[in-house]
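The values are calculated or read from the model by the stated rules, or taken from the named source; none is laboratory data. Since the structure is predicted, the reported quantities are computational estimates derived from the model, not experimental observations. Here Cβ is always computed from backbone atoms with ideal geometry, including for glycine, and neighbour counts include all displayed protein chains. Accessible surface is based on the protein model in full, side chains and every heavy atom, while ligands, DNA and RNA are left aside. Shrake-Rupley method; radii C 1.70, N 1.55, O 1.52, S 1.80 Å.
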Amino acid sequence: MTTDSNPSASSRLRRTLGLGRPDFGWLHWLRDPHFVLAALAAVPVWLALGRLAGGRMQVDCAVMALVSLAFVQPVVEELVFRGALQGYLLDRGWVRRIGPISMANLGTTGAFVALHFMAQPPAWAIAVAAPSLVFGHMRERFGSVLPAMALHSIYNAGFAVTAWWVHH
């Protein structure tokens, strides 16, 4: 039997990829204190970036570029990193923790930072480690990539607004 015709294999794959219903319900995570705190914690970061990095912050303000930054990239990156990679590592037993961070989250964050080195200056690439750990925490907390996707979209949209604000 193929994976497609075997519901239990399909269910396992969806669970590994974090594509199932988030634990606690479809929208409960929007009210969860971890999610709310993570979303609100971005505001002082955006303000500090605007103040300290200012003119070095660059975002293409074309509509399609903004849609890509705020929606497409978060969805694709979360499916690949928190869905496929972190799910695979969790399934392989990378569950040991260093404080609140699982080895799967740490390994996924290393890969996420490495990807950003290809397109960003070193300081920016390294700076994505903290949000990556937060996205990984959301994926593990809720058993789904959906909250991580939403938070990633919020972070990228806030970055774009900040970059636009410092240039206008």
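Within region 21-59, take every residue that is at pLDDT 85 or above and in a loop (DSSP other than H, G, I, E, B) and give me the one that is nearest to M149 (Cα to Cα).
Residues of region 21-59 at pLDDT 85 or above: 22, 28-52.
Still in the list and also in a loop (DSSP other than H, G, I, E, B): 22, 31-32.
Numbers: P22: 12, R31: 16, D32: 15 Å.
Here the residue is P22.
Out of region 137-168, which residues are open to solvent by 40 Å² or more (accessible area, probe 1.4 Å) and either free of Cβ contacts under 8 Å to residues at least 60 places away in the same chain or under 23 Å from A104 (Cα atoms) (or both)?
Passing the criteria: H137, E140, R141, L146, H168.
Cβ-Cβ below 7 Å, separation at least six or inter-chain, first residue in region 121-136 and at negative phi and modelled with pLDDT under 95, second open to solvent by less than 30 Å² (accessible area, probe 1.4 Å) and aliphatic (A, V, I, L, M): which pairs?
Pairs found: A125/V113.
Are any of the residues in region 71-86 modelled with pLDDT under 95, open to solvent by 50 Å² or more (accessible area, probe 1.4 Å) and either under 30 Å from V166 (Cβ atoms) or not small (G, A, S) (or both)? Give the derivation first.
Narrowing region 71-86 to residues modelled with pLDDT under 95: none.
Looking through region 71-86, none of the residues is modelled with pLDDT under 95, open to solvent by 50 Å² or more (accessible area, probe 1.4 Å) and either under 30 Å from V166 (Cβ atoms) or not small (G, A, S) (or both).
Here is a check on your reading of the model: is F117 touching a helix residue (DSSP H, G or I) at 6+ places or on another chain (Cβ under 7 Å) and open to solvent by less than 70 Å² (accessible area, probe 1.4 Å)? Lay out the reasoning, then the answer.
Values: touching a helix residue (DSSP H, G or I) at 6+ places or on another chain (Cβ under 7 Å): yes; open to solvent by less than 70 Å² (accessible area, probe 1.4 Å): no.
No; evaluated as a whole, the condition is false for this residue.
Name the single residue, out of those in region 87-100 being without any contact (Cβ under 8 Å) to a residue 40 or more places away in the chain and exposed (fewer than 15 other Cβ atoms within 10 Å of the Cβ), that is nearest to A130 (Cα to Cα). Walk me through how you get there before you give the answer.
Just the residues of region 87-100 that are without any contact (Cβ under 8 Å) to a residue 40 or more places away in the chain, to begin with: 89, 92-100.
If we keep only those that are exposed (fewer than 15 other Cβ atoms within 10 Å of the Cβ) too, we end up with 92-93, 95-100.
On the way: R92: 24, G93: 23, V95: 19, R96: 19, R97: 16, I98: 15, G99: 15, P100: 13 Å.
In this case the residue turns out to be P100.
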